[in-house]
Amino acid sequence: MAFKDDENVVFFNGPNPRKWRRYGKVLIGFAHGDMKPNAITEWLSNECDEWSNAKYREVHLGHLHSTQTNQKIEDNKYGLIARYLPALCASSAWEHEQGYPNSQRGMMSFVWNESKGLREIWYTNI
């Protein structure tokens, strides 16, 4: 609510759990990430009418709660990088019951140039 009247803040709160945003030649998709690897590329290329206008394409995912890049997707013909991002939240009771290790909490911030693509990644550990 603190930013509801700020014209510099935009909320994408539609019912589709997958979102995307184009910034110049950059296209970034956002999804939970609990899907088959080929679906990670297919949903963005099928649902996003801006796909062909982008030179740099990434999907940011959170399902694994750890930092990694899906090499299989990165090297494929779609020209897409899929990044799994760390979680800000602490481990849940379910994660403890399943025996998942406590992953490093944190966040990644990305600095994009609208014509040259990704310029920097900043890591913040909690």
Original post:
What is region 1-45's relative contact order, in percent, from Cα pairs under 8 angstrom and six or more apart in sequence?
Top reply: 23
Subject >> HN-Hα J in Hz across region 32-46 - Karplus 6.51, -1.76, 1.60, θ = phi - 60°, x for Gly and Pro >> reply: 5, x, 8, 10, 5, x, 5, 5, 4, 7, 5, 5, 5, 5, 7
Original post:
Tell me, what HN-Hα J-couplings in whole Hz come from the Karplus equation 6.51 cos²θ - 1.76 cosθ + 1.60 at θ = phi - 60° for each residue of region 51-58, using x for Gly and Pro?
Top reply: 3, 6, 8, 9, 9, 10, 10, 9
**OP:** Can you figure out the FRET efficiency of ARG21 with TRP94, using R₀ = 30 Å and their beta-carbon distance, to the nearest 0.05?
**Re:** 0.50
**OP:** Determine, for each peptide in 3-9, 39-45, the mean count of other beta carbons within 10 angstrom over its residues, then list the peptides with the highest first.
**Re:** 39-45, 3-9
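Computed from the coordinates by the stated procedures, all read-outs in this text should not be read as laboratory data. Worth saying up front: this structure is predicted, and the values here are computed from it rather than measured. Don't worry about glycine lacking a Cβ; one is built from the backbone with ideal geometry, like all the others, and counts go over all protein chains shown.
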